[in-house]
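These notes concern the structure reproduced below.
The values are calculated or read from the model by the stated rules, or taken from the named source; none is laboratory data. Just so it is clear, the model here is predicted, and its values are computed rather than measured. Neighbour counts run over all protein chains shown; Cβ positions are idealised from the backbone, glycine included.
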Amino acid sequence: MNIGDKLTWAYRLLFILMLIWLRFIEQYISIWGVWVVWAMIVFFWLFNPFKKRNRQSTSSQTEQTEPIDAQ
């Protein structure tokens, strides 16, 4: 999914959240709450801070993993 798709789904998610919020939650928490919830969801969705990153292999590690040709 590229960045354009993520941005499209982000504003669609805001629209859906606002409709649900207005119907069920607004009587308890004001409409500003939906902006906070939406901002947190979009942050985690776009930037994914908990995603495991692949470590860069150093040249010494790649040399050790190469097969040894014994003739």
Check: Any residue at all in segment 47-70 that is out of contact with any Pro (no Cβ under 8 Å at 6 or more places or on another chain), at pLDDT 85 or above and loosely packed, with under 12 Cβ neighbours inside 10 Å?
Finding: yes
Note to self: Looking at segment 39-60, I want the residues that are under 14 Å from Leu14 (Cα atoms) and have a partner that is among the hydrophobic types (A, V, I, L, M, F, W, C) and modelled with pLDDT of 85 or more with Cβ atoms under 6 Å, at least 6 apart or on another chain. Which pairs are those?
What the structure shows: Val42/Ala10
Item checked: Meets criteria (of a type outside the set (Lys, Arg) and either outside any loop (DSSP other than H, G, I, E, B) or at pLDDT 90 or above (or both)) for Asp5 -> yes
Margin query: Just to be sure I understand the filter: pairs with C-beta atoms under 6 Å, separated by 6 or more residues or on different chains, first member in segment 11-22 and free of Cβ contacts under 8 Å to residues at least 40 places away in the same chain, second member part of a helix (DSSP H, G or I) and surrounded by 15 or more Cβ atoms within 10 Å (Cβ to Cβ). Which pairs pass?
Written below: Leu14/Trp38; Leu17/Val34; Leu17/Trp38; Met18/Val34; Trp21/Val34
